[in-house]
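Just so you know, all these numbers are worked out from the coordinates, no wet-lab data involved. These numbers were taken from a predicted model, which means no experiment stands behind them. Because the Cβ atoms are built from the backbone with ideal geometry, glycine has one as well, and the counts that use them run over all protein chains shown.
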Amino acid sequence: MKIIKYEVNGKQIDIEVTEEFAMQFEEMQAESKHQHWRNKKHKESSLDAMIESGYQAEDPNSNIEDLFIRQSDLEMFYKAIESLEPQQKWLIYQVYFCGRNQIEIAKKMEIDPTAIRNRLRKIYAKMKKFLK
């Protein structure tokens with residue numbers, strides 16, 4: 001037998017139950033807490049919550065020309081990345097997608113941070129040339 005705490009009319013009471021029932025009850029409690037957390041997170045990320053916090057969605061039909069230009073720029077940017085050597089792509093990935101700084105990358109590669117800075121300069125120059 002095991003004692004569980006149960007709330008009745010706002011008061012917590014102790015109830016003696018079997019071990020099996022106590023395990024089922026604890027699983028049910030954990031699932032309920034998890035479901036509550038999921039619902040809370042869902043509301044926080046819902047469109048209503050975003051609007052309440054001041055987010056203003058852009059009307060995609062407001063300026064098709066601007067949208068097309070942004071899309072074209074993005075496609076060119078991806079092509080510029082594709083033109084890089086594998087090591088250069090890896091470095092860009094580390095900096096911009098993994099959020100690592102030059103010192104962290106240098107330590108990982110066991111080289112001087114100045115070398116990383118120089119490599120990034122070369123990458124930027126290559127991409128800039130590609131994008132012109």
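Overview of results
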| quantity | calculated |
| --- | --- |
| Within-15-Å neighbourhood charge of Arg100 [Cβ basis; K, R +1; D, E -1] | +3 |
| Charge sum, other residues only, whose C-beta stays under 14 Å from Gln24's C-beta, Lys/Arg counted +1 and Asp/Glu -1 | -4 |
| Set Lys107/Lys129; Lys79/Lys128; Lys79/Lys107; Lys79/Lys126 screened for pairs whose C-alpha atoms are more than 19 Å apart | Lys107/Lys129; Lys79/Lys107 |
